[in-house]
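Right, one structure below, let's go through it.
The values are calculated or read from the model by the stated rules, or taken from the named source; none is laboratory data. Treat the numbers as computed from the prediction; the structure is a model and nothing was measured. Quick reminder, even Gly has a Cβ in these numbers, built from the backbone with ideal geometry, and neighbours come from all protein chains shown.
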Amino acid sequence: MTWLRLDRKVIAVDLVRAAISLVPTAIAAGVLGLQPSDAWPALVVAVLGVTRAAADVARWATTRYRITDERVEVRGGLFTRKERWIARDRIRSVGSDARLTHRLFGLRVVTVGAGLTGVAGATAALRIDAVSTTTARRLHELLDPAAAGPAQPDGELLARFRPSWILYNVLSIWGLFSGAGLIWGGYWLGRLFGYDAYDHARELADGAPIGWILAVAVLGFAAIASIGLVGGFVAAHWDFRLTRTAAGSLRTTQGLLRTTSVDREEHRIRGMQISQPQAWRWLGVADTTLITTGVSLWSTTGGATILPRGPVSVARSTATKILGSDVLTRPLRPAPPAALRRRLVKAFLWAAVGTTAALLVDARFTGRLSPADAAWLFPTLLVVSTAGAVLAYRSLGHAVHDGYLVVRSGLATRSTAALRQPAVIGWRVKQSFFQRRLGLATVIATTAAGQGAYVAHDIAAAEVAELVRAQPGGEQAEPFVDRRRVERGVPEDEPLRARSEPVRADTVHADAAGEAGADDGVLVQVRREPGDQVQTGRHAGGPELG
Amino acid sequence: MGDLGLHPPRHRVAPRAVAWWTLRGVLGGGIPLIAALVVFVSVESWRPWLGPVLVALVVLTAAHAAVVPSWRYRVHRWEATDDAVYALSGWFVREWRVAPLSRVQTVDATRGPLQRLLGLATVTVTTASASGPVQLVALPDAEATEVAARLTATVGRTAGDAT
């Protein structure tokens, strides 16, 4: 295929943008009659805008792209020549989006995503900015045949925007930041036209009680933040649709002024995660993400996020439709009470350390507290940390359902992740001295998708082997599990150190069962319960299938 | 009570690993110690509180160097079969790691300056997961080379796309 140019209408877009950037200067000079020294922000905007438009025209003139059988290549650049290529079998997602100016001219920016999560860092994205709507659709079909086809027909609609979701997105700490951004922007806009909001506020405050002023400021702040959040959410997610295309890919389309559409191939999906912020759990607020290979976890438009923040019921029903199984709605096995004990001890220690630190720091700097104040400080901290411990404990849970490993945990955010078992590419088991005393262990399933590791915190030590081996075929974890030693007896080239752990008895018991089971190659389930009671298949009346 | 039903890997690490861990611990603790000592000698007004800190540093470094290396040696074990690499490490917190060879991407053998001095090497086996590498720490030099070569050959023969 030959080298192709970007669409000519990009120049028109640049002209429009340059013209828009001149507007503030025109108003400042023509309407308000300001001197350049007063209107300098407008001049900065104008210079930046025109420069950027000119640079973009240069980019248009130098950029070429082509799609061969093996790869997609883009090259260009005026001063620095850049070439970038992506092998076509490494393409993980193809997306297209358009800003308002692009849409006016019928243009789309096509984004090609590839790369590994975690190992390689961020997803390498290749952007073709911009081509006509028809070319964009053609590229889409060419690069991602699985996702080809017009936006809606044939697709199974999995979820769509509901206005009630807006409520779920107003409740956020980010509101404060976007509120601050709005106020800052407003202040500078005011300065541009010679209005100083700060001075004005100081004049108004003159004589008024400071408490009222503060209250009004805080309320105004919160209101502005909420408006900012609602506006941002609606602009990004209006008319959100999640569809499964006929060719087996999940497509989201969304946006009020700027429409974004992202396709994710279903065969790369390894599982899903639903996260519920504890503070809003009573409202059922949930974030839904895909666990998938080749999509950066942090990219907000590119793929992992499959639903906007919304009610947990929608999250669960959508997850069931996507996974084809209701694993994320089924009950999990809770962590043993020892896990709660561990957290309560930690909470006690935190409270003690916190109290001591507070008293020491205070003694050094202000001296307002006396050791007697520990009488209220320590209980207060203890209540808080104990509440945290109980909350964290109640989050814990794990299960193996339907070929999925499901783990749940989290103090500030309760996250439930379901990971397809064949996607597990290794195991880590951690056990501290105290965990060993309490009969607990932490099991970490490593995977190439999503976060790279999914953790079952503080499960009963006796369940570890069972969980690790609950793999289809189980061959990955096999050398891990005690059966090896059962067959082999004792490690060969090492004299066994005197074992302090009471393992020996099992080895003997299980050995008999192991031989019985080994005849037909059946695995024997060796489970140890607290109190060293050995339960083998034989006890249960014959070898069980492992 | 806390037994996991996991068999310990077959091989211990090289006995010289104890020397390596001790050296590393002494150097790691010794550098801040020397820095603190220099300050103690030169800044007179800090002595009242720096004195106890110095004593604590000395005691901690000495205790760490005395206890941890041999503790580690008792815990650390490794095994490489035709199907998987398997390592047990840690001291206060023990960690078992297993990676099936069908999912392995790279095998490295590394030797730090201290390790070269003692004739030791560490074999690192990475998978497609960022949190999955299995490290066989402090093997005898020749054995590390042999294990790395054997693993690389086995990985080459094993089909799989490593994800």
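Please tell me if B:ALA87 is closer than 24 Å to A:SER432 by Cα, outside any helix (DSSP H, G or I) and among the small types (Gly, Ala, Ser). Explain how you work it out, then say what you get.
Working: closer than 24 Å to A:SER432 by Cα: yes; outside any helix (DSSP H, G or I): yes; among the small types (Gly, Ala, Ser): yes.
Yes, satisfied.
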Restricting attention to segment A:417-430, which residues are facing chain B (nearest Cβ under 9 Å) and assigned to a helix (DSSP H, G or I)?
A:ALA423
Tell me, please, whether a residue that is basic (Lys, Arg), at negative phi and part of a strand (DSSP E or B) can be found in segment A:397-409.
yes
From the option list B:PRO52, B:PRO69, B:PRO48, single residue qualifying as touching a residue at least 40 places away in the same chain (Cβ under 8 Å) and either in a strand (DSSP E or B) or not assigned by TED's automatic domain parsing to the domain that holds B:ALA149 (or both) is B:PRO69
Checking the conditions here, which among A:THR260, A:THR301 is within 30 Å of A:LEU107 (Cβ to Cβ), under 14 Å from the mean Cα position of the chain (by Cα) and at pLDDT below 90?
A:THR301
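Specify which of the listed residues (B:VAL68, B:VAL43, B:VAL59) is closer than 24 Å to B:ILE31 by Cα, modelled with pLDDT of 90 or more and more than 13 Å from the chain's Cα centre (by Cα). Step through it out loud before you land on a result.
Values: B:VAL68 fails: more than 13 Å from the chain's Cα centre (by Cα); B:VAL43 fails: modelled with pLDDT of 90 or more.
Of the residues listed, the single one that is closer than 24 Å to B:ILE31 by Cα, modelled with pLDDT of 90 or more and more than 13 Å from the chain's Cα centre (by Cα) is B:VAL59.
Can you tell me which residue is farthest from B:THR154 (Cα to Cα) among those in segment B:77-100 that are in contact (Cβ under 8 Å) with a residue 40 or more places away in the chain and surrounded by fewer than 23 Cβ atoms within 10 Å (Cβ to Cβ)?
Looking only at segment B:77-100, we keep the residues that are in contact (Cβ under 8 Å) with a residue 40 or more places away in the chain, and these are B:77-80, B:82, B:85-89, B:96.
Cutting the leftovers down to surrounded by fewer than 23 Cβ atoms within 10 Å (Cβ to Cβ) gives us B:77, B:79, B:82, B:88-89.
On the way: B:ARG77: 21, B:GLU79: 14, B:ASP82: 7, B:LEU88: 21, B:SER89: 24 Å.
Per the criteria, the residue is B:SER89.
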Per-region count, segment A:6-56, residues among the β-branched types (Val, Ile, Thr) and within 36 Å of the chain's Cα centre (by Cα)
3
Members of segment A:17-48 found to be within 21 Å of A:LEU100 (Cβ to Cβ) and surrounded by 13 or more Cβ atoms within 10 Å (Cβ to Cβ), listed by number
A:ARG17, A:ALA18, A:ALA19, A:ILE20, A:SER21, A:LEU22, A:VAL23, A:PRO24, A:ILE27, A:VAL45, A:ALA46
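I want to confirm something. Restricting to segment B:80-103 and keeping residues that are at the interface with chain A (Cβ under 7 Å from one of its Cβ atoms) and modelled with pLDDT of 90 or more, which single residue is nearest to B:THR22 (Cα to Cα)? Full working, then the answer.
Here is the first cut: in segment B:80-103, the residues at the interface with chain A (Cβ under 7 Å from one of its Cβ atoms) are B:81, B:83-84, B:86, B:92-100, B:103.
Cutting the leftovers down to modelled with pLDDT of 90 or more gives us B:92-97.
On the way: B:PHE92: 16, B:VAL93: 18, B:ARG94: 19, B:GLU95: 20, B:TRP96: 23, B:ARG97: 24 Å.
Among residues in segment B:80-103 that are at the interface with chain A (Cβ under 7 Å from one of its Cβ atoms) and modelled with pLDDT of 90 or more, the one nearest to B:THR22 (Cα to Cα) is B:PHE92.
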For A:PHE433, which of the numbered conditions (1) more than 9 Å from chain B (Cβ to nearest Cβ); (2) surrounded by fewer than 21 Cβ atoms within 10 Å (Cβ to Cβ); (3) in contact with a Phe, Trp or Tyr (Cβ under 8 Å, 6 or more places away or on another chain); (4) among the hydrophobic types (A, V, I, L, M, F, W, C) fails to hold?
(1)
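Can B:ARG24 be described as of a type in the set (Lys, Arg), without any contact (Cβ under 8 Å) to a residue 60 or more places away in the chain and in a helix (DSSP H, G or I)? Please lay out each step first, then the result.
On the way: of a type in the set (Lys, Arg): yes; without any contact (Cβ under 8 Å) to a residue 60 or more places away in the chain: no; in a helix (DSSP H, G or I): yes.
For B:ARG24, the condition - of a type in the set (Lys, Arg), without any contact (Cβ under 8 Å) to a residue 60 or more places away in the chain and in a helix (DSSP H, G or I) - is not met.
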Looking only at segment A:313-323, decide whether some residue is in contact with a helix residue (DSSP H, G or I) (Cβ under 6 Å, 6 or more places away or on another chain) and surrounded by 12 or more Cβ atoms within 10 Å (Cβ to Cβ).
no
Conditions (1) more than 30 Å from A:ARG469 (Cβ to Cβ); (2) assigned to a helix (DSSP H, G or I) -> A:GLY367 fails only (2)
Evaluate the following for B:THR124: is it polar (S, T, N, Q) and more than 14 Å from chain A (Cβ to nearest Cβ)?
no
Is it the case that A:ILE86 is part of a helix (DSSP H, G or I) and under 29 Å from A:VAL262 (Cβ atoms)?
no
Any idea how many residues of segment B:1-51 are within 14 Å of another protein chain (Cβ to nearest Cβ) and farther than 30 Å from A:ILE459 by Cβ?
4
